[in-house]
Each structure stands twice: as structure tokens, then as C-alpha cells.
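The values are calculated or read from the model by the stated rules, or taken from the named source; none is laboratory data. Values in this document were obtained by computation on a predicted structure and should not be read as measured data. Every residue, glycine among them, receives a Cβ derived from its backbone with ideal geometry; neighbour counts consider all protein chains shown. Just the protein is used for accessible areas: all its heavy atoms, side chains included, with ligands, DNA and RNA removed. Shrake-Rupley method; radii C 1.70, N 1.55, O 1.52, S 1.80 Å.
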Amino acid sequence: RSVYDGQEHGLFMEKLDARIRNHDREIEKMCNHHFQGFVDSITELLKVRGEAQKLKSQVTDTNSRLQDDGKDLTGSMEELIQCRVQQRNIATTIDKLTHCLPVLEMYSRLQEQMRAKRYYPALRTLEQLEQTCLPRAGEYRFCSIMAENIPKLRTQIRDTAMTQLRDFLESIRKHSDKIGETAIKQAQLQRSLDSSVSTQPRALFGRRSRKEAAAALAGTDSSGQGGSPVSEQDSGILDVEDEEEEDEVPGAHDLVDFSPVYRCLHIYTVLGLRDVFENYYRKQRRKQARLVLQPHSNMHETLEGYRRYFNQIVGFFVVEDHVLHTTQGLVNRAYVEELWELALSKIVAALRTHSSYCDNPDLVLDLKNLIVLFADTLQGYGFPVSQLFDMLLEMREQYGEILLKRWNVTFRQVLDQDNYSPIPVSTEEEFRHYTSQFPLQDPELEKLPFPKKLPFSEFVPKVYCQLKEFIYACLKYSEDLHLSSTEVDDMIRKSTNLLLTRTLSHCLQYAIKKKNVGLAELVQVIINTTHLEQSCHFLEEFISNITNVPPDTANATKLYGTSTFKDARHAAEAEIYTSLNAKIDQFLQLADYDWMAAVQEGRTLEPSDYLIDLIAFLKSTFSVFTNLPLLDLFTQWDWSTYLADYGKPTCKYLRVNPHTALALLEKMKETSRKNNVFAQFRKTDRDRQKLIDTVIKQLRNLIAQHHT
């Protein structure tokens, strides 16, 4: 630009031409230097051209011959290429078929399993088809169709399995009674063979059924977890009439096929829905538990009603216990224990309510035995049953009250039917018959010849036998309650005390206080109660013998029979006194007596007729009193025994009041000086008078001592 912009253009062109001329001279020099080599090269090139022409001719000729010779080879090669293509296509086809045929075979097997309702194997086949076979087969239309059907088949299997489970649960609910009955029979049989119940009654599931044997041959364990379930079509309850062996109580496996539970559990586990299945199963079983635990309104009317109630409960928990031990987590120990706690509270409440309606001791006793068997059966499966035994002890009070009511009726019948006369016996057999019923110990009476009379009336041996029957009835209830001998003994003694102090005491009071009871009957009541009082220690021994608890055991309850019979005797004595005074008052109140009898000629003054009648009445009455041992104090003059034993519980004359005895002796002392109605007590002997004075003095000292 500087050249064009300036004025030196011409000079630049001159310099440039000079430069070109210099380069041309250098080129010319170079060409002159290499010219000979160039000529030689051209000469060589011309020679090569000739040779190339020859080679071209030879190549053309060779090519022509090669083309002619290669036509057959080319055809063969084309055929070979075609064969290789076909071979490759065949290999590809075989490979595809190798992957597709297992899919088709497996799908065919799946269809057969679905038709045969073998859903668990079908689910396994479906899983293998989806995860292994279909991915290997590639994308084909039939594979797409199969893939689209897989969720539908899963849903169908799931719904069908759930339907079978519902059928199983419904059948179990309907047949819980039979299942429980079988379990209780098994426990009862085992209990009869071994009273200690040392072997758990889980043997209910020990004997394998034919279906389980078939499962073992097929490689399936008894719980159905080792493989596919054996039976795919069942409601859960088997017909065991053909399977039942002679003289053997069928086990629960002979009654129940649990494969629907196992199958549905496996299916839902494979589907990833185990939690859903567990929640559904537990929810349904809780609903069934509420139905089972709801007793019928008339359950208390018959023992069969209680038996059905217990059978259903046992059946329910036998099934749950088996599911607990044959499945992994479908139900756990916490769930079963929670269910049992709920059941136990409802059972106890229902039994308390319904047993309160019962007034039949035999039914209560049978119910107690049924509850014990029910508790022992469930205890064998590991369920705690202490609340049931506590409730049985509560029922013991109710049972005792019912017994008291029954024995109240029995005692009243015995007292009403008694003739209140000494029992005549004419033969040794009759005598032994009565002494076998009542422990009479009277050597003097045994020495007397036949015929003779027992001092008491019929109601003494009858009452004594009824007391023993009551004790036996109490003992029956105490059996199998897992109580110690001391507890049983204490329970029986307390119940017997209630019978003596409340029931028998009231009945005796009723017999004494009822209308139209004569003095002879009251005297016989006194004699009877005296003998019953003497028999109390025999009752003590009887209780000790049947409970194996010595009567002198520390803190042992004592019988109150002595005080009961003494109170009855005291009431009879008071009634005699009242009746006698009333009768004397009647004599004195009669208006037809001539109170101022006139003196007849030649005769001395005679007493009024009312006094004669009164003395005759008193003589006949006192002749009855001679049978009373309370009178031995005066008739046999047994004051030394009275004074020595006074104040002791075993005193023979415990009911004799010293004030009354003193008043009577003073009357006798006064009578000895006068001629009055007590003439039969007068003694002309002065020693006897001194003896009366001595006894009076001793009685006054006795009264003074006890008063201070």
C-alpha cells in the first residue's frame, strides 16, 4: 500500500523485474544440471510402457480365462451364501423357539393349574413366567398378551384364595362346637389315664390324617409350608367318619384341614400382601370370637347349654393355637394372649350371670365339673386359667347357699315326718341298722334284751345321715379345684358350720315353735338334740377322714354343732316352761270348778276338783320329764358332778342355772316340812335334809364366787 500510495511505483516494478530475471537464471541453471537424468527417466518410462502393454494383454487374457472358469464357482458361492442365510435364519428361529416354547409350555401349565384350582403352584408358575421366561422370549404379540393377562390372573388367584379362606372361616365357625368337643374328649381321656395331666393335650394334632400322609409323600410338610397345599378344593372341615379309628377319639387334624389358611397365606406372601392377609384374618377371627363368646339367653337352663358354649370356645382357641404353631407370624403369642384375655373376661362375666340363676345344686356341681374340664383343656394349650378357678371358688359360695336351701327343705321334711317317739327295735338287725346310721355308744342299752327302744326318735339318724350327705356334697365341689387338703377341710367345715348354725338351727326352732307341739314332743326334741350334740366329735372325725387333715391341726376350723344343739335344747326347755305355765293357767282360769267344795257328812275336808285335776296333769307330765338327762341332777342327786364341772364347756349340766337349782332346792326343803304337791320329793331321813342344806350352801357359795 505504501508503494501504491507513494510515487515509487515505477522503481518497485523495476526491482521486481530484476528479481524475476535472477530467478529465471537460477532455474535455467538447475534444469541444465538435471536434464540428463530427465532424459534417462523418459527413456525408462518408454520401456515400461511397452512392458505394461504386454502385461495388460496377459492380464486381460488371464481375466478372460478366469471369468470363464469362475462362472461355476460364482454360482456355487451364491448357492452357499443362500444356504448360509437359511442356516442363520434356522438358527435364529431355533433360538427364538427355545425361548418361546418354555413360555408356551409354562403358560399351558398355568392354565391347567388354574383349571385344577391349584392356585399356589399357579402363582409360582406365574412368577417364573413373568420374571424369567417372558423376558427371554422377546417382544412378540403373544408375549404381550400374556404379560397383559398376568395381573388379571394374579387378581383372580388372590380373590379365589380369599373366597376359599372365607369358606374355611365360615366352616370353622359352624364346626367349632365339634372341634371343641373333640378337644375336651381328648383332654378328658388323657386326664383319666393320668390324673396329674403331665402330658400336654397337644396330642390332638399328633395323629396324622391320611391327607397329611399324602402331603408327606408329595414333599409337603404337615403345616403346608414346605410346598404347595395338598388339597385345593375344601371348606376346611373333613368328613372323618371313614377315617375315625375304633376306640380312638379323633384329633383336630381329623376334623380340620388347614390348607386354605396356609395356601392363602403363601399366596398373599408371594403377592407381597402378607400384612393385608394377616390383618384380615385377625379381624375376622376377632369377629368370630365375639360371636362365640356371646352365650345364649337360656344357657343356664340346662347343662347342655353350657357344654355347647364351652365347646365352641375351646374349638376356637384350639384352631388359633394350631395356627400359631404351624404358621410363621400369621398370629403371634401376643395376639392370642390378647384374644384370650378378652375371652376370659367375657367367659367369667357370662358364667357369673348365668350361674346366678341356677337353684339346683346338682346342676351347679355338673357345671363346676364342666368348667374344670374346660379349664384343664385350655391350660393344656398354654392358656392361663387361674381366673376360672377363682370364679369356681366364688361359685362355691353360691353352691353352698343352694345346698343350704335344699337341706333346709330336707330337714323340715324329716322333722315334720318324725313321730317324736323313741325308736323300737325288736331284732339285732334293726339295732345294727340304726347304729350304722348313727354312732350310738350306750353299753347299757346294748346289754338290754330285745325288744328294746333307742332313746332318740327317727329324726336323729336321719339328720346325722343328712349332715354326712351335706359334707359329701361339699367335698364333691372341692374336687379338682387344685386346692390343698387343708383348704378343702377348712371349706367343708365352714359350710358345715353354716348348715348347723343357720339351717338346722332354724329348722329345730321351727319344729319347737310350731303350733300343737306337745310336751312329750318337746322332751323328745331335747333328748334328740342331746344325742346329736354327743355325735359332733364323730362328725369332726368324719371330715378329718375324708380330707386327711387331723382335727387338731393348727388354725383348723372347729364345728359349732355343740352350741347349735344346746341352743335348740334351751329353746325346747323354754318352750316346755312356757307351755306348762300356760296349761296351769288354763286350769286355774276354768269357770266350772267348785272352788269352795262343801264338807260331806262323815268325811274330812277334801281339796277342790281343780287341784286334783292339776296334780294328775302334773304327774303325767313329770313322768315324761323323767326321760330328760337334765333331770339326773335331782333324780340321781348328781350334785358333786355339777359343782365340780360348773363353768366348763363339757359340763354335763351346762344348761342348769345355779339360781334356778337353788330356788328348786329351797322349794324341796320347804316341801319337806309341808305336805304339798311336791310330796314325791319329801324324805323323812334327817341325813337327806342335811344333804339338801349342804348343797344349798355350796350353791350359794358358787353363785357368790361367780358374781364377784
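A few remarks follow.
- Yes/no for residue 11 being open to solvent by less than 80 Å² (accessible area, probe 1.4 Å) and either without any contact (Cβ under 8 Å) to a residue 12 or more places away in the chain or in a helix (DSSP H, G or I) (or both): no
- Neighbours by Cβ (under 8 Å, 6+ apart or cross-chain): first from region 571-588, on the phi < 0 side of the Ramachandran plot; second among the polar types (S, T, N, Q) and at pLDDT 80 or above: 571/509; 572/529
- For region 449-471, filtered to residues that are without any contact (Cβ under 8 Å) to a residue 40 or more places away in the chain and open to solvent by less than 10 Å² (accessible area, probe 1.4 Å), the residue that is farthest from residue 541 (Cα to Cα) is 454.
- Scan of region 428-463 for residues that are touching a Pro at 6+ places or on another chain (Cβ under 8 Å) and part of a loop (DSSP other than H, G, I, E, B), ordered by number: 438, 442, 451, 455, 456, 457
- Pairs linking a residue in region 90-109 that is part of a helix (DSSP H, G or I) to a residue that is open to solvent by 80 Å² or more (accessible area, probe 1.4 Å), with Cβ atoms under 6 Å and 6 or more positions apart or on different chains, are 99/136.
- When the residues of region 346-357 are filtered to those that are in contact (Cβ under 8 Å) with a residue 12 or more places away in the chain, in a helix (DSSP H, G or I) and not β-branched (Val, Ile, Thr), the one that is farthest from residue 400 (Cα to Cα) is 346.
- Residue within region 519-530 that is in a helix (DSSP H, G or I), modelled with pLDDT under 75 and of a type in the set (Val, Ile, Thr) present: no
- Residue check, residue 565 within 26 Å of residue 479 (Cβ to Cβ) and either modelled with pLDDT of 80 or more or buried (at least 21 other Cβ atoms within 10 Å of the Cβ) (or both): no
- Scanning region 534-584 for residues that are over 22 Å from residue 504 (Cα atoms), under 42 Å from the mean Cα position of the chain (by Cα), among the β-branched types (Val, Ile, Thr) and assigned to a helix (DSSP H, G or I) yields 546, 547.
- Residue-level check: of (1) outside any loop (DSSP other than H, G, I, E, B); (2) in contact with a Ser or Thr (Cβ under 9 Å, 6 or more places away or on another chain); (3) open to solvent by 20 Å² or more (accessible area, probe 1.4 Å); (4) not aliphatic (A, V, I, L, M), residue 411 misses just (3).
- Count of region 456-498 residues, restricted to those that are on the phi > 0 side of the Ramachandran plot and of a type in the set (A, V, I, L, M, F, W, C), is 0.
- Test: residue in region 514-523 that is over 35 Å from the mean Cα position of the chain (by Cα) and open to solvent by 70 Å² or more (accessible area, probe 1.4 Å): yes
- The listed residue being at pLDDT below 80 and open to solvent by 30 Å² or more (accessible area, probe 1.4 Å), out of 136, 118, 154: 136
- Some residue of region 176-188 being surrounded by fewer than 18 Cβ atoms within 10 Å (Cβ to Cβ) and either at pLDDT below 85 or closer than 28 Å to residue 372 by Cα (or both): yes
- Residue ranges of helices (runs of 4 or more DSSP H) in region 227-337 with at least 2 members open to solvent by 60 Å² or more (accessible area, probe 1.4 Å) and modelled with pLDDT of 90 or more: 274-292, 303-326
- Yes/no for residue 108 being open to solvent by 70 Å² or more (accessible area, probe 1.4 Å) and modelled with pLDDT of 85 or more: no
- Meets criteria (out of contact with any strand residue (DSSP E or B) (no Cβ under 8 Å at 6 or more places or on another chain), exposed (fewer than 13 other Cβ atoms within 10 Å of the Cβ) and of a type outside the set (Gly, Ala, Ser)) for residue 130: no
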